[in-house]
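One structure is given here, and the rest of the page talks about it.
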Amino acid sequence: MSTTSSPSVQQPSGSGESLLQSLSRRRFLVVTGKGGVGKSAVAASLATLFARGGADSLRGRRRKVLIVEIDPRENVHQLLAAPPSGGDVVRIDDRLFVQNLKPRAALDQLVRRHLAMGLLQRRVLSSETYQQLSEGAPGLKEVAVLDYAEHRTRERGEDGLGPFDLVILDAPATGHGVSLLAAPLLLSEVIQDGPVGRRARELASFISRPEALGIVAVTLAEELPAQEVLELFETIRQRLGRRADALVINGLYPRLPEAWEEDPEAQVAAGDAAALAWIRRRRINQREVARLEASWNGPQALLPLLPLARGPELIKELQQGLAEAFGECCEATAAEAMDSEATEVGEER
Amino acid sequence: MSETLNRGVGSKAGTSRGLRDPLTVVVGSGGVGKTTLAASLGVVAALEGERVLVMTFDPSLRLKDALGVGEEARESEVAVALPESAPGELDVSLLDARRTFDRLVERYAPDAESRRRILENRFYQHLSGSLSGILEYMAVERLFEVAAQERYDRVILDTPPTTQALDFLEAPQRITEFLDSRALKIAVREWFDSRGQLRAARRLGRLGRRMERFLDELIGLDFLRDVSEFFRAFGPLYDGFHSRAAEVQKLLRSPRTSFLLVAGPGEERVPDALFFARKLEESGHRLASVVVNRVHPRLDSSGGKGELPWGPGSGEGHELMRWLGQRDHQGVESLRALLSQHPLVALPMMADEPTHLGALEVLGRDLISELTQE
């Protein structure tokens with residue numbers, strides 16, 4: 001792995017703070033990636049780190065964090081051993097909250113908050129025509145989701161909770177995550193005037209400012225997800241004029257024993273399917289990590305595939321991996337661990 | 001009409017053992033390897049002498065390379081170069097919502113002027129690429145086109161990855177309902193007068209002006225104007241949409257269509273697979289078999305504690321592989337028990353995605369032989 005991938009040389013501001021500290025100071029983080037790559041687990045791990053100040057580089061600084069999940073099938077609560085949200089904000093502890101947000105509910109809130117509502121307006125809103133039209137209005141629902149999340153970083157919600165220091169959005173798995181991030185621009189082209197159009201413009205400018213909004217992309221070191229994340233980086237650059245803050249490469253098979261270096265497959269018994277699977281998946285991982293690194297020189301975390309079911313124990317391990325990769329070397333061991341995994345992937349290539 | 005359709009796909013089919021039905025629809029969550037399996041089934045059927053079409057959405061670069069097709073497959077079916085001795089034919093088409101929609105408009109619009117009005121409409125441009133379910137609906141339209149051509153013995157249809165499991169099956173229904181809906185009837189009316197004001201709003205006076213302002217602020221009057229124009233320009237196409245959607249629904253429920261459900265490995269994926277199976281059943285579609293894909297091999301835990309069967313430095317890998325093997329085995333067993341009325345096949349994790357036709361053939365033959373044994 002090249003030295004450029006070390007987080008210590010990728011300071012966003014050059015202020016000497018770690019990427020982890022920098023991310024924790026944003027108001028809004030969007031965690032994006034293809035379905036099944038562990039996006040929710042990364043979102044939950046980052047949220048837990050920030051809420052509990054769990055990394056040395058955070059120096060115990062704790063933030064009040066809300067994870068917003070956009071997926072009809074709830075997922076995040078399971079990782080944090082919390083009850084399902086069913087649409088509401090669920091409190092996990094003093095500083096950690098989770099919500100499964102229905103885009104339609106966000107849209108209703110947007111309308112309530114930004115438009116004067118009389119009887120007539122209420123009737124328009126409940127009409128089937130409006131329901132159908134708002135489905136087709138480009139970017140309207142996505143803007144509503146962003147509006148909701150951003151709003152919760154500034155004010156107390158209708159549920160009496162908040163404001164939150166940081167909202168972490170676990171972006172929808174379908175389509176490229178960029179359709180969410182590009183929605184405000186799109187909508188503001190369609191609606192020139194009025195509060196919704198103004199709000200879309202506001203959000204578009206908010207998204208273009210890395211100091212306010214962080215983008216963390218998650219992928220597996222496998223062909224399709226890696227391809228998709230590279231396309232995502234390119235679209236973010238073109239459409240939003242900025243770049244993602246970090247790349248998390250998740251689910252890596254462990255390194256092979258040194259003794260296998262020359263020709264791994266010759267070292268294991270013929271027909272030892274499990275050993276062969278390990279060797280070959282590791283090989284794919286290396287190939288795809290190399291491909292990702294050829295196009296991405298920003299901060300990245302390499303997280304192992306772990307023999308753990310989805311739950312708090314997994315989150316604990318991932319937190320540690322993220323803290324080591326993105327927290328600047330407050331303890332030497334973190335940097336060393338990072339370096340050793342880095343050298344190893346590089347050497348095996 | 002539906003008879004024509006049924007004859008259209010599969011008039012000479014039935015040679016590939018294990019694939020009895022001329023239309024196979026491959027369903028499952030994203031990232032489970034549906035597309036590769038669909039392609040591999042297509043390769044085998046063509047090598048056995050059938051004329052086969054594989055319709056797919058978003059194949060990896062590697063799979064496109066393996067099949068030797070590129071972006072041109074978005075425009076029309078592209079023939080895959082099979083060995084010269086191969087008795088059959090294999091075509092691949094990549095489904096692209098926007099392209100299919102454009103083609104429909106080009107084909108069915110009554111004249112050049114309405115065609116231009118639709119294609120240049122801003123609402124259409126957003127709608128055709130972004131409306132949820134449009135990709136699925138377009139797959140259905142494409143299926144209709146293909147079935148009507150009567151060119152193929154067998155069609156293997158890969159479905160788009162969605163979070164809402166069976167959007168694809170519901171798309172024809174949804175589009176039919178939409179076309180019948182009051183919303184559309186309202187939308188087709190002329191909303192705007194020659195001065196570009198909302199008709200209803202003008203009639204309603206002050207109240208109307210308030211409503212107009214409200215709509216303008218919410219979604220923009222310009223946008224509404226585009227919508228209204230679009231629906232009026234689109235009007236002549238409605239009937240065709242309607243009848244085609246109904247035909248394709250019949251085709252998907254016909255006894256000659258079967259569904260192949262592909263599931264990811266591991267206990268955590270079990271609910272996904274169950275959800276698909278239940279939905280298919282409820283909606284009157286026939287689930288022929290379940291494939292659990294990418295199953296890690298099982299490692300027996302013989303050998304005493306502290307011993308490393310793979311030698312020094314293999315501890316972490318061994319523990320992980322054992323855990324994965326166990327997890328996937330449990331997943332397969334749970335599904336087998338829960339879906340006991342359907343044949344279930346577990347396919348081992350592959351070394352890599354197939355990079356050439358030969359590898360696809362091997363995969364396809366493995367799958368078909370497992371399916372026939374079940």
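Bear in mind these aren't lab numbers, they're just calculated from the coordinates by the rules spelled out. Keep in mind that what you see is a predicted model, and the values were worked out from it rather than measured. Note: ideal-geometry Cβ built from the backbone for every residue, glycine included; neighbour counts use all protein chains shown.
Between A:Asp159 and A:Arg239, the modelled labels are 2.9 nm apart [label points 7 Å from Cα along Cα→Cβ].
This ranking places B:Asp21, B:Asp153, A:Asp88 by how few other beta-carbon atoms lie within 10 Å of each, fewest first, which gives A:Asp88, B:Asp21, B:Asp153. The alpha-carbon of A:Lys102 sits under 12 angstrom from the alpha-carbons of these aspartates and glutamates, leaving out residues fewer than 8 places away in its chain: A:Glu69, A:Asp71, A:Glu74, A:Asp88, A:Glu142. In this Cβ point-charge picture (+1 for Lys and Arg, -1 for Asp and Glu), the stretch B:314-357 has a dipole of about 220 debye about its Cα centre. Counting neighbouring beta carbons within 10 Å and listing from fewest to most, the residues B:Val78, A:Val111 come out as B:Val78, A:Val111.
A Förster radius of 30 Å, combined with the Cβ-Cβ distance separating A:Arg209 from A:Arg73, puts the computed FRET efficiency at roughly 0.40.
Counting, for every residue in B:58-64, the Cβ atoms of other protein chains within 10 Å of its Cβ and taking the mean gives 3.
With each label modelled as a point 7 angstrom along the Cα→C-beta vector, the B:Glu71-A:Ala273 pair spans 4.1 nm. Distant-in-sequence amide contacts of A:Phe28, defined by a placed amide H-H separation under 5 Å and a gap of 5 or more residues or a different chain, comprise A:Val167, A:Gly214. For the peptide B:220-229, the mean number of other protein chain Cβ atoms found within 10 angstrom of a residue's Cβ is 4. The mean count of C-beta atoms from other chains within 10 Å of the C-beta of residues in B:352-360, rounded to a whole number, is 1.
Charge tally around A:Asn250: other residues with Cβ under 12 Å, Lys/Arg +1 each, Asp/Glu -1 each, net -1.
Under the convention that each Lys and Arg Cβ holds +1 and each Asp and Glu Cβ holds -1, the size of the dipole of the stretch B:242-374 around its Cα centre is about 640 debye. Averaged over residues, the count of other Cβ atoms within 10 Å places the peptides B:61-72, B:321-332 in the sequence B:321-332, B:61-72, highest first. Reducing the stretch A:136-168 and the stretch B:333-355 to their Cα centroids gives an inter-centroid distance of 41 Å.
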